[in-house]
Each structure stands twice: as C-alpha cells, then as structure tokens.
1. Can you name every residue in segment 1-32 that is touching a residue at least 40 places away in the same chain (Cβ under 8 Å) and either polar (S, T, N, Q) or not in a helix (DSSP H, G or I) (or both)?
2. Filter segment 1-35 for residues that are more than 20 Å from VAL64 (Cβ to Cβ) and among the aromatic types (Phe, Trp, Tyr); which is farthest from the chain's Cα centre (by Cα)?
3. I'd like the full set of residues that are open to solvent by less than 60 Å² (accessible area, probe 1.4 Å) and closer than 20 Å to MET57 by Cβ, limited to segment 1-44.
4. Every residue in segment 50-64 that is surrounded by 14 or more Cβ atoms within 10 Å (Cβ to Cβ) and either among the aromatic types (Phe, Trp, Tyr) or under 16 Å from PRO5 (Cα atoms) (or both), please.
5. Within segment 1-24, can you find the residues that are over 29 Å from ARG41 (Cβ atoms) and of a type outside the set (A, V, I, L, M, F, W, C)?
6. If a residue must be more than 17 Å from the chain's Cα centre (by Cα), closer than 18 Å to ILE15 by Cα and at pLDDT 95 or above, how many such residues does segment 36-71 contain?
Amino acid sequence: MAMRPDVRRHTIVLIAFSLIQWGFVLYILNHQLFDLDKSERILLFCLSCFGGGFLIMASLIYLVIKGNADR
C-alpha cells in the first residue's frame, strides 16, 4: 500500500503539531508560567491531552482514507 507523499506529509505535520502543543502545555504547567490553581491545571492538562489525542487519531484516519494512491 503506497501512500501519496502529500498526504503522508500532512499527517506527519499534524502529528508533530499535536505532540509539540502537548509538550508546550506540559512546559507551561511544570514551570508554573501562569497563575493557575490545582483544578485549572488539571483541566488544562486534560484538555491538552484530549485535543492532542483527537488530532493524532484524526490525522491517522485521514492517512488511511486519503492515502491510497490506487483509488
């Protein structure tokens, strides 16, 4: 199964973006760059994980659906 190069590149960019945003949020939380209390820190972490996971899964589904060169 050969993937089209543009679809593969878009998928890699989306996965990299989701991992970078998750790392950025973790950096913010670990170094306490914003004045957040415990519940706000938990909420931000959960939203970041959910958003990053959703973006990774969506990009993998995009790769499977649009990636076939023979269709």
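1. MET1, ALA2, MET3, ARG4, THR11, SER18
2. Ranking the candidates gives PHE34 first.
3. Matches in segment 1-44: MET3, VAL7, THR11, ILE15, ALA16, SER18, GLN21, GLY23, VAL25, LEU26.
4. SER59, LEU60, TYR62, LEU63
5. ARG4, PRO5, ASP6, ARG8, ARG9, HIS10, THR11
6. 0
One line per residue, one yes/no per condition, for (1) part of a helix (DSSP H, G or I); (2) of a type outside the set (A, V, I, L, M); (3) without any contact (Cβ under 8 Å) to a residue 40 or more places away in the chain; (4) on the phi > 0 side of the Ramachandran plot:
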| site | (1), (2), (3), (4) |
| --- | --- |
| PHE34 | no, yes, yes, no |
| LEU47 | yes, no, yes, no |
| PHE54 | yes, yes, yes, no |
| TYR62 | yes, yes, no, no |
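The values are calculated or read from the model by the stated rules, or taken from the named source; none is laboratory data. Computed from a predicted model, the values in this text were never measured in an experiment. Cβ atoms come from the backbone with ideal geometry, glycine included; neighbour counts cover every protein chain shown. For accessibility, only protein heavy atoms count, side chains too; no ligands or nucleic acids. Shrake-Rupley method; radii C 1.70, N 1.55, O 1.52, S 1.80 Å.
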